[in-house]
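What follows is one structure encoded as structure tokens, with my remarks underneath.
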Amino acid sequence: MRRDDLRARLRFYFITDDGVDGFPAPDQVRVALDAGATIVQYRNKSFALDAYTEVEAIRRLCRVYGVPFLVNDNVLLARAVGADGVHVGQDDATPRLVRHVMGPRAIVGVSVSSLEELAHTDLADCDYIGTGPTFPTDTKVDAKAVHGLTGLRDIVNRAPVPAVAIGGINPSNTMDCFAHGAAGVAVISCITRAADPVQAAAAMAAACGIPASGRR
């Protein structure tokens, strides 16, 4: 995928939530895709093999909607299900190894939370970085220190690849992230834990500048 095409795909980045009851990941993804999400990541830190069918269901949905599908951390799961790429953290498989397993056309992303991490991360095999938390968040119990919009801009200015802001993103602060150089915003709880996820997803799409005519 060309860099310009990928940058556009990163704009409304939806990540599944494995910590919400009564709202399965495939249903979360359908709501996000219907609203206009431009890329989807499956994230499940307690993944077990019996959840494989839900990953397949999400992969099929993304194919129907023509949206790239990534898997968080689990490179073998991504390869098995035919995902379009993988996103890894600082303590996961290296981007180089991910690229070796997934192939040259895969989308490879890595989390970078500070300038220090950026300096020590080999981005030669990366297509984008995810950086945050930009704002306080309760979704990730292991989230690192909030670096704010200034920290976002600092990382964007030094990163050789597009950056996606994550952490506490909602419709009211999305444009601030774009104004500070983010190629996209990654969201979880502002949709999955909203009183009305459909309405929340539509609000995020509007904040990302996705026209109603481009939604399903």
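Details
- Mean ellipticity per residue at 222 nm, deg cm²/dmol - from DSSP H runs of n ≥ 4 across the chain, formula -39500 (n - 2.57): -10500 deg cm²/dmol
- Share of Cα-Cα pairs in region 3-214 lying beyond 21 Å, as whole percent: 49 percent
- Relative contact order [Cα under 8 Å, 6+ residues apart], region 82-189, whole percent: 21 percent
- Relative to the Cα centre, the charge distribution of the chain, modelled as +1 at Lys and Arg Cβ and -1 at Asp and Glu Cβ, gives a dipole magnitude of about 700 debye.
- Rounded to the nearest 20 debye, the dipole magnitude of region 34-142 is 440 debye, with +1 charges on Lys and Arg beta carbons, -1 on Asp and Glu beta carbons, and the Cα centre as origin.
- Summing charges over neighbours of ASP50, with a neighbour being any other residue whose Cβ is under 15 Å away from its Cβ, gives -3 when K and R count +1 and D and E count -1.
- C-alpha center-to-center spacing [region 81-155, region 170-184] in angstrom: 18 Å
Since every read-out is calculated from the coordinates, none of them should be taken as a lab result. Small disclaimer: the values here were computed from a predicted structure and weren't measured. No Cβ is skipped: glycine too gets one built from the backbone with ideal geometry, and neighbour counts run over all protein chains shown.
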